[in-house]
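The values are calculated or read from the model by the stated rules, or taken from the named source; none is laboratory data. Not measured: the values here are computed from a predicted model. Cβ placement follows ideal geometry from the backbone for every residue including glycine, while neighbour counts extend to all protein chains displayed. Remember, those area values only see protein heavy atoms, side chains included, never the ligands or the DNA or RNA. Shrake-Rupley method; radii C 1.70, N 1.55, O 1.52, S 1.80 Å.
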Amino acid sequence: MKKFLPYSILTIFLWFSANSFAQICETTSIESGLDQPSKIITCDFNGDGYEDIVYLNSNNYDLEWKKNNGSDTFGAATGLVGDAEITFLTSADLNNDGYDEIIITTSSTIYYIMYTGPGTIEFEDIYTIPVLYHIDAISTGDFNNDGYDGLVVGYSRTSTLHAIVDVIKNDELDLSLQEIYEGTIGTVSDLVIGDITGNNRNDIAMAGYNNFWFRNNGSGTFLPHTTISSASSDFGRIALHDYDNDDDIELVVLNNSGNLIAYGIDITGEGWLYDPINLLSGLPSEPVSFEHTSLDGKDVLYISSNTELIGLEHEGDTYTETTYCSEISIVGGTALFHKADGLIELIYTDNSSGTIEKINEPKTNNIEKFEFVNWKIYPNPTTDRIMLDGLEINEISHIQVLNNLGQITPVILNQDGTIELSDLPSGIYHLIVYSHSNSVSSRNFIKE
């Protein structure tokens with residue numbers, strides 16, 4: 001395996017102008033002249049409140065960053081690391097500063113890249129899996145509601161079909177590991193994080209030849225797995241979504257036969273309902289991307305194959321397939337870019353033409369607008385009160401504070417942006433802010 005070579009001098013790449021291969025949708029090139037670009041994400045890497053673009057070039061070997069200049073235009077690409085094959089690319093807020101660190105993996109090691117100032121980055125490894133194993137899946141989330149993101153990683157040994165899932169809990173940058181699964185089940189095809197139980201805790205669902213879920217016990221540690229299904233036909237990608245509007249989460253599986261199926265759940269009653277519901281067929285069998293998001297006021301399962309981008313738009317208790325873009329040469333990776341005006345653009349890398357393209361049909365997100373992105377709670381931790389910094393008080397319709405059990409705690413937001421907390425017991429709390437336009441954003445804080 002090749003070794004990472006972080007660029008000691010940030011390399012600026014020339015910005016060429018070129019058109020991608022023909023496709024049935026109108027696009028604009030964000031970057032061109034690339035060498036087989038592949039995975040791509042959007043995140044606020046440098047903490048200026050605007051989403052940047054981070055992508056892999058040279059067939060997964062070079063990681064490059066395009067800074068958002070503040071008007072949804074981007075500067076020239078800057079090299080971050082190179083000369084090693086990167087298998088996964090994602091982001092997480094590891095240090096609770098309100099913006100993202102880049103998470104990358106090789107086949108065996110997880111690294112983070114942190115922006116430390118103009119022209120400088122910090123590059124460190126987080127975890128290396130055992131010899132002869134390879135990383136199958138990774139996901140990030142805040143497991144103990146303290147504002148510090150952790151990770152869950154699944155890895156396996158092909159020769160023995162032995163698979164392991166580990167949670168890397170982040171307690172104010174103090175990383176600790178909990179093995180939550182070990183068994184002879186083959187590879188882990190996907191890992192997703194979500195509030196399955198409805199109690200404001202991030203649980204974990206795992207996909208493979210067996211599908212499991214792991215309940216968060218409230219302190220960021222997890223109970224033993226519960227089996228969802230053990231049918232090899234369910235191997236594929238997964239999402240957590242209340243698709244049938246019954247106020248309970250379902251596990252939605254896109255299996256390797258291109259079938260979309262769902263497993264119902266009733267946490268307070270019978271638990272998982274093991275008879276799957278068939279929703280759609282004829283979908284991409286090995287998608288480049290598969291994720292649950294919100295576009296144009298609807299829940300959407302966003303899917304891309306090698307040649308097209310598809311949205312499965314949620315309507316009633318099923319999905320309607322909509323093609324966003326087709327006849328692309330080779331899709332290397334896809335991402336959603338959240339613009340400063342609250343709209344969302346779909347972007348992707350075209351491996352054959354060597355470009356990054358955006359589809360010229362912005363969509364809206366009814367869950368969270370960009371007006372609530374760059375704000376803070378201080379002091380945090382606190383003893384008696386907090387201040388909301390970066391929000392216009394007259395834009396806020398109401399707030400909620402939830403304790404670690406998901407119970408709503410009555411508080412009052414004063415006109416000066418302060419919230420009195422002296423009557424609250426010590427603990428970790430979740431503050432949710434709602435705007436008059438139904439935008440929603442949240443932060444965690446600690447009451448000492």
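Out of G220, G198, G186, I need the residue that is more than 30 Å from Y319 (Cα to Cα) and within 22 Å of the chain's Cα centre (by Cα). Which one?
Only one candidate passes the filter, namely G220.
Would you say E368 is among the acidic types (D, E) and either over 25 Å from I344 (Cβ atoms) or modelled with pLDDT of 85 or more (or both)?
So E368 fails the test.
Can you name every residue in the range 178-190 that is over 21 Å from A239 (Cα atoms) and open to solvent by 20 Å² or more (accessible area, probe 1.4 Å)?
Of everything in the range 178-190, those that are over 21 Å from A239 (Cα atoms) and open to solvent by 20 Å² or more (accessible area, probe 1.4 Å) turn out to be Q178, E179, E182, T184.
Quick check: is even one residue across the range 203-213 surrounded by fewer than 15 Cβ atoms within 10 Å (Cβ to Cβ) and assigned to a loop (DSSP other than H, G, I, E, B)?
No; the residues of the range 203-213 include none that is surrounded by fewer than 15 Cβ atoms within 10 Å (Cβ to Cβ) and assigned to a loop (DSSP other than H, G, I, E, B).
Of all residues in the range 154-177, how many are buried (at least 19 other Cβ atoms within 10 Å of the Cβ) and either at pLDDT below 95 or of a type in the set (K, R) (or both)?
The total comes to 2.
Within the range 95-137, how many residues turn out to be open to solvent by 40 Å² or more (accessible area, probe 1.4 Å), touching a strand residue (DSSP E or B) at 6+ places or on another chain (Cβ under 7 Å) and among the small types (G, A, S)?
Going through the range 95-137 one residue at a time, the tally reaches 2.
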